[in-house]
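The values are calculated or read from the model by the stated rules, or taken from the named source; none is laboratory data. These numbers were taken from a predicted model, which means no experiment stands behind them. Every residue, glycine as well, gets a Cβ built from its backbone with ideal geometry; the counts of neighbours run over all protein chains shown.
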Amino acid sequence: MPIDSSLPYDDQNIFARILRGEIPCNKVFEDEWSLAFHDIRPQAPVHVLVIPKGAYVGWDDFTNTANDAELAGFTRAVGLVARELGLSSGYRLMVNMGHDGHQEVPHLHVHIFGGRQFRLMIAD
């Protein structure tokens, strides 16, 4: 069910629990600012999630409250992960934001999709 991104951060969400090591993940990358792992329900041949290590509900929260080092570190991690995945022929990034954007987990996450050609921008 989509979430309301104006709600306070829920430290029991699945990504917070993954960050604390309570739930395992198939890790692709980790550094001081970010963790990247394979999605458990992939929607493309390559489907990786990149999450910041800070407690941010969504993109608005992150870009409004994260410090410059967190903003730069997370953004660089997304690009680094895409390169490490060998997606030189192209890939798609997606961030779902809030209820209308169908955000399901109240922790900022960027989807990296690759491994095939994408045509439609949005399909219902």
Problem - Lone unmet requirement of (1) in contact with a Cys (Cβ under 6 Å, 6 or more places away or on another chain); (2) β-branched (V, I, T); (3) in contact (Cβ under 8 Å) with a residue 60 or more places away in the chain for I18 - result: (3)
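For (1) in contact (Cβ under 8 Å) with a residue 24 or more places away in the chain; (2) over 14 Å from the mean Cα position of the chain (by Cα); (3) surrounded by 16 or more Cβ atoms within 10 Å (Cβ to Cβ), each residue gets a yes or a no:
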site: E30; (1), (2), (3): no, no, no
site: A44; (1), (2), (3): yes, yes, yes
site: H47; (1), (2), (3): yes, no, yes
site: P52; (1), (2), (3): yes, no, yes
Handout entry: Matching residues, the range 93-118, being over 14 Å from the mean Cα position of the chain (by Cα) and of a type in the set (F, W, Y)
Key = F118
Practice task
Name, by its number, the condition in (1) closer than 21 Å to F118 by Cβ; (2) at pLDDT below 95; (3) hydroxyl-bearing (S, T, Y); (4) surrounded by 13 or more Cβ atoms within 10 Å (Cβ to Cβ) that does not hold for Y9.
Solution key: (1)
Exercise for the section: Starting from the range 94-123, keep only residues that are over 14 Å from D39 (Cβ atoms) and at pLDDT below 95, then list their pairs with residues that are outside any loop (DSSP other than H, G, I, E, B) and among the acidic types (D, E) whose Cβ atoms are within a distance under 7 Å, requiring at least 6 positions of separation or different chains. Expected result: M97/D60
Fill in the blank from the handout: Note on the range 61-87: residues within 10 Å of W33 (Cα to Cα) and either touching a helix residue (DSSP H, G or I) at 6+ places or on another chain (Cβ under 8 Å) or buried (at least 17 other Cβ atoms within 10 Å of the Cβ) (or both) are E70, L71, G73, F74, A77
